[in-house]
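So the structure is just underneath, and the comments pick up after that.
Each reported figure results from applying straightforward, stated rules to the coordinates on display, with no laboratory input. Keep in mind it's a predicted model, so treat the numbers as computed, not measured. Ideal geometry is used to build each Cβ from the backbone, glycine not excepted, and the neighbour counts take in all protein chains shown.
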Amino acid sequence: MNWLGRAAARLVPAERRDWAEALWAEADEVPAGLARLAWRAGGMRLIAREALLVRRAGRSLVFAAAAAWTAWAAWPGPAGNIATAVDRVDVVTVLLVLAGLPLLARWLIGPAVAGPMARLLRAGAYAAVLVLTAAKPSVEQVVNAPAVVARQAATGRGLQPPAFTWFAETVFLLIVAGYVAAILVLTARRPRVAPATLAIGAGAGILLGVVMCTVTPLGLAKDATEPWLAGSAIDPVVALAWILLLGGPLVAGGMAGWRYRGPGSPEQVANARTWQGVAAGFLATGVGALIVTAAGTGAIALMPRASWLLHWLYPGQHLSAAVAYNRELTASSNAAGYFLMLLAFPIIGLIQGTLGSSWALDRGSRDSGSPPAGGGPPAPEPTGDPPGGQASLPAGTRQAPRAAPRQGALNRI
Amino acid sequence: MGSRSDFSAQTLSVLAALCAQPLQWQHGYALARQTGLKSGTLYPILIRLADRGLVEACWQDEPAPGRPRRHLYRLTAGGLATATGALAAAARPPGRAGARARSGRGVAAPAVP
């Protein structure tokens, strides 16, 4: 029975394994019979609870299902369309990147930070990339349709050589891999991005993404209207989008740097605050760009399939088949602008986040290094003896490494 | 810190058991016997108490012959203060304690020595 317990304890994450082994070892002290059996049953319950085995298996299943759906959606296409081959390479590469990068990241920079924020960020980024990968073929097959290419060849305008298409695809794949890698790095344990930083950055990014989708659901398509807004109501929202794009990462970087509380020398703390600011700035624009790109590309891909969407996007317009196709073609052509957004937004975020964190450093030094509580990873807990100080380790014992504190643990235990 | 709302009834019973001999290292089975908790309930509580820095743990270096090493537990200084406060609060106002008991969260915590 003991070998079974020891084997099962291996399923528990390293920082919790001591506890599973402790419970199992203790079983030898319990009277044999039902009592020992009940004790071991409790051990299995603890292992199941701590092992996250079910959660890991569930995550893998969800990813496999989402990957299968993406491949199913992205694979079909007419043989004569260059986009078909491009998109098949695209979907295979993206799925390999999504499956392989977490393994590489875990090996290089450790597992994900404990707590829901890192998991949500990773899941959200994966969902956005999968939606983008599934939607992109529809958009590109419209732009590269033989009729469109023939017209471009005849007029000599807008025709792109196949080499350029493959080059653009390579750039796109590098951008996607860069986003996935960045999210994995920021949510991994070793880079020490505080959960508060993740929350601030992601919150600002979600706000930016939602506001930009509200302004123009088709992103950069010139002919799209704003179905939610009419007339002058659009102007404040456009202003808000600009404020969020330029000011969001600045504020997020400043807040993340200012709230950071961690151990170390003043120089180490200053460096850590700068890092928190840069991370929050990147997230504030990177998450926004991912949301806008995935939602916009998804909406464009749905246009030929969902007439309700067309009527909703262009309210009050008579959409004959020719007009609808024209709208779809225009939106699909303009979707390339998302490349620029995916590239430019994080750069803006990094610059603004750095500026924000320098404000935090200035503020922190004026506050003599006492930012408010609740921001960064907790400082090491004191491990003092009970009052009186008489206590010491009994003979024959050694101090076990304490289980790593869980970020965001529930108050009530 | 240490207010009654911070801890469940089972956690309070574990704190009470650890408080009874704050300087002694205790093992899991002894705690289970004192509290009446099953291992599947006791150990998650100990883990969370350790996560919060209220309990410290160590491995026995010289186990009894033929026996595996045992894991030992006791309250930290902060844990002792927190436990004392929480147990005192749980035992104090009968009105609130009654309400807690009715809501299923109350505890008849053992007296703090």
**Prompt:** Taking every pair of alpha-carbon atoms in the stretch A:283-358, what share in percent sits in each 5 Å bin, from 0 to the bin with the longest distance?
**Reply:** 3, 15, 20, 16, 13, 11, 9, 6, 4, 2, 0, 0
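Residue by residue through B:31-43, how many Cβ atoms from other chains fall within 10 Å of the Cβ on average?
The mean count of partner-chain Cβ atoms within 10 Å per residue comes to 5.
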**Request:** Please report how far the C-alpha centroid of the stretch A:1-21 lies from that of the stretch A:255-275, rounded to the nearest whole angstrom.
**Result:** 36 Å
**Asked** Sorting A:D235, A:D87, A:D362 on the 10 Å Cβ count, fewest up front, what's the list?
**Response** A:D235, A:D362, A:D87
**Item:** Cα-based convex hull, the stretch A:87-207, per residue volume (Å³, whole number)
**Value:** 116 Å³
**Fill in**
Placing each pseudo-label 7 Å from Cα in the direction of the beta carbon, A:Q268 and A:R305 end up separated by a distance in nanometres of 5.2 nm
**Request:** With +1 on each Lys and Arg Cβ and -1 on each Asp and Glu Cβ, and nothing else charged, work out how big the dipole of the stretch A:57-366 is about its Cα centre, in Debye to the nearest 20.
**Result:** 860 debye
**Prompt:** How big is the equivalent ellipsoid of the stretch A:57-366 along its three axes, where each semi-axis is √(5λ) from the Cα gyration tensor, reported in whole Å from largest to smallest?
**Reply:** 37, 24, 16
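Taking each residue in A:16-26, count the Cβ atoms of any other chain within 10 Å of its Cβ, then average. What number comes out?
6
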**Request:** Please arrange A:Y260, B:Y29, A:Y338, A:Y325 by counting, for each residue, the other beta carbons lying within 10 Å of its beta carbon, fewest first.
**Result:** A:Y325, B:Y29, A:Y338, A:Y260
**Message:** Roughly how far apart, in whole Å, are the Cα centres of the stretch A:94-130 and the stretch A:278-313?
**Reply:** 21 Å
**Asked** Could you give the distance between the Cα centres of the stretch A:136-163 and the stretch B:27-74, to the whole Å?
**Response** 69 Å
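Mind checking the alpha-carbon convex hull of the stretch A:2-48 and giving the volume per residue in Å³?
Taking only Cα atoms, the stretch A:2-48 has a hull volume of 55 Å³ per residue.
Arrange A:I183, A:I291, A:I206 by Cβ neighbour counts within 10 Å, fewest through most, would you?
With the sparsest Cβ surroundings first, the list reads A:I206, A:I291, A:I183.
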